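Below is one structure, written out as structure tokens; comments come after it.
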Amino acid sequence: MRYVIIGNSAAAVGAIEAIRQHDAENPITVISDETHHVYSRPLVCHLLGELVDEDRMYYRPLDFYEQHQVEPMLGVRATGIDTQEKTVSLAGGGSVPYDRLLLAVGGKPFVPPVEGVDLDGVFTFTKWEDAQKIDRYIKDNDVQSALIVGGGLIGMKAVKALMARGLRLTVVELADRILSTSFDHTASKLAESILRRAGAEVITSTTVKEIVGKGDAPGRNLVDHAVLQDGEKVDCDLVIFGIGVRPNLDLIQPEPERQTGIKVNRGIVVDAHMRTSVGDVYAAGDCVETYDMILEVERPIAIWPHATRQGHVAGCNMAGVEKTYEGGFPMNSEDIAGVPTIAVGLTDPEGQASSEDQDEYEIIEKYDRAALTYKRLVLHHNRLVGAICVGDIDRAGIYTGLIRDQVDVTPFKEHLLSGSFGLISLPKEYRKHMVVGEGIIV
């Protein structure tokens, strides 16, 4: 049995550890175009912000590959998959045979076709290498200001990093508010006011039309400013596209001659065992679409804990031990200019649920503008399906557990936002499960 994994992040690690729980002998090969040992992608913004050093980036021991008898092929790019011959072709020639293959290729940053995206000083921001390139550019060019295109979670991570570096920041977002996929209008506007208080400029309902260079450096054309769709000029030394990521499908269907037979929709389609439509090929992580337990649809949910669990399920099944992935829901935590925020599940029925179901949702809110705190709970038939916490994130773990376990909150609904609400407020049997059972995953 030859196990091959393409990718080297959370899903890959989850799979490696699961395989070795059940198969200690057969070889595992990891192919990754990144050169780094397994590291925490959520810490990339902390690295760029000089809030952690490189040693803190690794979340497994440096002998992880040796401990798990893995052959790492780092800095090697997979260019294609032959699902008939069961081989993975590599850049520069050669191929790797497999008996069981896991696609853990993650997401791919989205960069719109904007004039000037090829200028020096324009970056995406998802990997360690991105942070290194941006850091080098800031130091080499005495960067003082930056434009961040995209006001979603990736954009906010870039804000956190560059704000820590003392840069003047402008955030531009095409939607009418930032964090529109995670927050409702109130939370989004609160987040905008927090950023503005911290000195960042926030521009919504428009995006970048063109990036203009200085053209005064021999062999280089450095960023000078950007022009927005409405004609406004934004002076900046650096541009980061943080619009978002899409499932990386490059190995699956980039060209007709590379068709693998692996079914894709918005992401790679998998079953509950993380199997694709092609035998002996599995997929996990940000490249797949899986079951959203709240919306009851299949869709990509690109977050670290889900990728780890999906990788674990894939690894078990690759090793011949049946295990299923029950699905998940969005869970995002971000620090906005020093203010902690958490968004879990379906937070804005008006924008996220079907129009015919709008009347079935109940909203409970608590907003303190002066204290910069806001809590919003979304209920559906007396079951919690979503929560937003800005500033005050106490009890976010309890809310997440109630969402996951679909507990009827009727007996204690009126206390959900009270200062005294806690574990003791919950039904005894459920409380016992939380304390001695599997616990809460935040």
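Give region 198-225 a look and list any residue that's at pLDDT 95 or above and in a loop (DSSP other than H, G, I, E, B), or say none. Residues satisfying the conditions are ALA198, GLY199, ALA200, SER205, THR206, THR207.
The single condition among (1) of a type outside the set (Gly, Ala, Ser); (2) assigned to a helix (DSSP H, G or I); (3) closer than 29 Å to GLN84 by Cα that HIS306 does not meet is (3). Do we have any residue at all in region 375-389 that's of a type in the set (D, E, K, R), under 20 Å from ARG309 (Cα atoms) and not assigned by TED's automatic domain parsing to the domain that holds GLY155? Within region 375-389, not a single residue is of a type in the set (D, E, K, R), under 20 Å from ARG309 (Cα atoms) and not assigned by TED's automatic domain parsing to the domain that holds GLY155.
When the residues of region 419-435 are filtered to those that are of a type outside the set (Lys, Arg) and surrounded by fewer than 12 Cβ atoms within 10 Å (Cβ to Cβ), the one that is modelled with the lowest pLDDT is VAL435. Restricting attention to region 127-141 and to residues that are farther than 27 Å from SER32 by Cα and in contact (Cβ under 8 Å) with a residue 60 or more places away in the chain, the residue that is surrounded by the most Cβ atoms within 10 Å (Cβ to Cβ) turns out to be ILE138.
Is it the case that ALA18 is of a type in the set (Gly, Ala, Ser), touching a strand residue (DSSP E or B) at 6+ places or on another chain (Cβ under 9 Å) and modelled with pLDDT of 95 or more? No: the conditions fail for ALA18.
Among residues of region 341-368 that are at pLDDT below 90, those with a Cβ under 9 angstrom from a residue that is hydroxyl-bearing (Ser, Thr, Tyr) and part of a loop (DSSP other than H, G, I, E, B), sequence gap 6+ or separate chain, pair up as GLY351/SER180; GLY351/THR181; GLN352/THR181. Looking at the structure I just gave you, is THR35 hydroxyl-bearing (Ser, Thr, Tyr) and either within 30 Å of ALA146 (Cα to Cα) or in a loop (DSSP other than H, G, I, E, B) (or both)? Considered against the rule, which asks whether it is hydroxyl-bearing (Ser, Thr, Tyr) and either within 30 Å of ALA146 (Cα to Cα) or in a loop (DSSP other than H, G, I, E, B) (or both), THR35 comes out as yes. The residues of region 83-98 that are surrounded by 13 or more Cβ atoms within 10 Å (Cβ to Cβ) and under 21 Å from VAL270 (Cα atoms), listed by number, are THR83, LYS86, THR87, VAL88, TYR98.
The set of residues from region 21-52 being of a type in the set (S, T, N, Q) and either more than 18 Å from CYS316 (Cβ to Cβ) or at pLDDT below 95 (or both) comprises THR29, SER32, THR35, SER40.
Scanning region 279-290 for residues that are in contact with an Asp or Glu (Cβ under 9 Å, 6 or more places away or on another chain) and surrounded by fewer than 19 Cβ atoms within 10 Å (Cβ to Cβ) turns up just one, ASP280. Residues considered: GLY166, GLY151. Of these, the only one that is touching a Leu at 6+ places or on another chain (Cβ under 8 Å), part of a loop (DSSP other than H, G, I, E, B), under 26 Å from GLU50 (Cβ atoms) and not assigned by TED's automatic domain parsing to the domain that holds SER9 is GLY151.
The values are calculated or read from the model by the stated rules, or taken from the named source; none is laboratory data. Note that the structure is predicted; figures quoted are calculated from it, not measured. Heads up, the Cβs are rebuilt from the backbone with ideal geometry, glycines too, and the neighbour counts pull from every protein chain shown.
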